[in-house]
Amino acid sequence: GAVPEDFGPAALKLVEAGFDVIDINFGCPVKKVLGRCRGGFLLSQPETALEIVSRVRDAVPPHVPVTVKMRRALDDQAESRDKFFEIFDGAYERGAAAITVHGRTVEQRYNGPSNWDILREIKQHAGDRVVLGSGDLFTAQACLDMIQQTGVDGVTAARGAIGNPWIFREARALAAGLPLPDPPSLHEQRDALREHFRLAMEVYDEKRTAIMLRKFGIKYSELHPRFEELREAFIVVSSLAEWDAVLDEWYHEDLPGRRRVINEDSPIFSETCEVA
Ligand SMILES: Cc1cc2nc3c(=O)[nH]c(=O)nc-3n(C[C@H](O)[C@H](O)[C@H](O)COP(=O)(O)O)c2cc1C
């Protein structure tokens, strides 16, 4: 939404539903969100954005952290940069516990790289205030590199975790000074694929789940030694039985997984924050 008055009650509902943190999104570049003056568009409206932060902070119990997600600006104009910092500083003043910054402008959508130099500048500006970095963290090593190169307090991986939830254990191992763990074995992958379908079925009906999970299957398939053929199998799934049949056929032997290869043809680059 974009009406500040709506945010308090909405945030409270989420707390009542059991969520631990309320994260306010001022970063989404998707047209249907922008068109309705939401998401990333709010980076051009500091007063409204900050009013939203206040409403949410006031509405939820003090022990529930309220965090904010921003892109580094609406676009590359100096005025947009000023507005970014107005919202950034104002949000902490109004009680935001942390701010995550994606190093792209809204205008940029997903084109061009996430600007880590600007993330470093933002963290320097923030001092002790908690800043998380976002953008282009496709491998566990990239997560550590961003922390090291920009000084941010932590990072969030989005597209790099789609079809590869193991990125988190890998990053944790590297952060602890351990070697990069092996990619997940095929049985580990199969269990995650099964669980993913089961969880989606809690929200959607079987047919919709199957069609929606095709694209996730394709992403998981990058960790399979025969990913090119497996991808074709996921593309045609339209029921739970067919999903299970793919898992039975392709994942029955517990072979070692393949490490995901990141290049510009990789399907992870086609992702936006548009949800089903
Ligand atoms: C499918 C998808 C859904 C997303 N949903 C949200 C969201 O609800 N709120 C938000 O602040 N960012 C959202 N994002 C943006 C990501 O948090 C992240 O900032 C952006 O994708 C850049 O990081 P990445 O290169 O690791 O993907 C989403 C991204 C993707 C790919």
Would you check if there is a residue in segment 195-203 being away from the ligand (no atom under 16 Å from the Cβ), in a helix (DSSP H, G or I) and buried (at least 20 other Cβ atoms within 10 Å of the Cβ)?
yes
Any residue in segment 74-83 that is open to solvent by 20 Å² or more (accessible area, probe 1.4 Å), polar (S, T, N, Q) and out of contact with any helix residue (DSSP H, G or I) (no Cβ under 7 Å at 6 or more places or on another chain)?
yes
Take LYS219 and tell me if it is in contact with a Pro (Cβ under 9 Å, 6 or more places away or on another chain) and either open to solvent by less than 70 Å² (accessible area, probe 1.4 Å) or part of a helix (DSSP H, G or I) (or both).
yes
In segment 137-148, residues that are open to solvent by 40 Å² or more (accessible area, probe 1.4 Å) and within 16 Å of the ligand (Cβ to nearest atom) total 5
For segment 112-129: of the residues being without any contact (Cβ under 8 Å) to a residue 24 or more places away in the chain and part of a loop (DSSP other than H, G, I, E, B), which is surrounded by the most Cβ atoms within 10 Å (Cβ to Cβ)?
SER114
Of the conditions (1) within 14 Å of the ligand (Cβ to nearest atom); (2) on the phi < 0 side of the Ramachandran plot; (3) open to solvent by 40 Å² or more (accessible area, probe 1.4 Å); (4) among the charged types (D, E, K, R), the single one that ARG109 does not satisfy is (2)
Answer yes if at least one residue in segment 10-28 is more than 23 Å from VAL155 (Cβ to Cβ), of a type outside the set (Phe, Trp, Tyr), surrounded by 22 or more Cβ atoms within 10 Å (Cβ to Cβ) and in contact with a strand residue (DSSP E or B) (Cβ under 8 Å, 6 or more places away or on another chain), and no otherwise.
yes
Here is a list: LEU132, LEU213, LEU174, LEU180. Which entry is open to solvent by less than 50 Å² (accessible area, probe 1.4 Å), touching a residue at least 12 places away in the same chain (Cβ under 8 Å) and away from the ligand (no atom under 16 Å from the Cβ)?
LEU174
Could you give me the residue pairs with C-beta distances under 8 Å whose first residue belongs to segment 1-17 and is in a helix (DSSP H, G or I), whose second residue is hydroxyl-bearing (Ser, Thr, Tyr) wherever it lies, and which are 6+ apart or on separate chains?
PRO4/THR48; PRO4/SER54
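The values are calculated or read from the model by the stated rules, or taken from the named source; none is laboratory data. Keep in mind the model is a prediction, meaning the values are calculated, not measured. Here Cβ is always computed from backbone atoms with ideal geometry, including for glycine, and neighbour counts include all displayed protein chains. These accessible areas exclude ligands, DNA and RNA; they are computed on the full protein's heavy atoms, side chains included. Shrake-Rupley method; radii C 1.70, N 1.55, O 1.52, S 1.80 Å.
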